[in-house]
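Here, each number is a calculation from the coordinates, and none is a lab measurement. Please read these numbers as outputs of a predicted model, since none were measured by experiment. Neighbour counts are summed over all protein chains in view; Cβ atoms, including those assigned to glycine, are modelled from backbone coordinates with ideal geometry.
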Amino acid sequence: MEQDEHPGFLALSARLTGRDEAELRATGLVGRHHATALARLGRAAVGRFVDDLAAAGGDPGRVTAPESREAARAITHLWRTGMWPDPC
């Protein structure tokens with residue numbers, strides 16, 4: 001059931017996009033975007049990003065690690081456009 005899948009990814013996506021979890025869940029894309037983020041970034045990088053975001057008090061703007069800032073940018077871009085961003 002989509003509602004119960006990927007709660008951590010859903011919560012961080014809500015933080016990044018400014019949308020509430022219900023709105024993101026209603027897109028039906030949570031699982032697909034989660035899989036894309038894992039495939040593009042790797043599980044270890046996603047884990048570091050989650051840790052860095054928690055250390056920043058959940059505020060993406062306070063994340064300082066370059067790799068995690070890039071992860072935040074890429075996941076936000078994915079939600080806003082439906083596409084993974086090209087490398088900078």
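Report, to the nearest 10°, how far helix 30-41 tilts away from the longest principal axis of the Cα atoms in the chain, using its own Cα long axis and a range of 0 to 90°.
30 degrees
Using the reciprocal of the averaged 1/r over all distinct C-alpha pairs, how large is the Kirkwood radius of the chain in Å?
Working: mean 1/r = 0.0774 Å⁻¹.
This gives a value of 12.9 Å.
Spin-label point model (7 Å from Cα, Cβ direction): what's the Arg43 to Ala11 distance in nm?
2.0 nm
Taking the chain as the reference, fit the longest principal axis to its C-alpha atoms, fit the long axis of helix 7-17 to the helix C-alpha atoms, and give the angle between the two in degrees, 0 to 90, nearest 10.
Approximately 70 degrees, to the nearest 10.
Using only helices, what value at 222 nm comes out for the chain when you add -39,500 (n - 2.57) per DSSP H run of length 4 or more and divide by the total residues, to the nearest 500 deg cm²/dmol? Could you put the intermediate results ahead of the total?
Details: 5 runs with 58 residues, N = 88.
After summing the helix terms and dividing by the residues of the chain, the value is -20500 deg cm²/dmol.
Return one number: the angle in degrees, 0 to 90 and rounded to the nearest 10, between the long axis of the Cα atoms of helix 66-81 and the longest principal axis of the Cα atoms of the chain.
For 66-81 against the chain, the angle is about 30 degrees.
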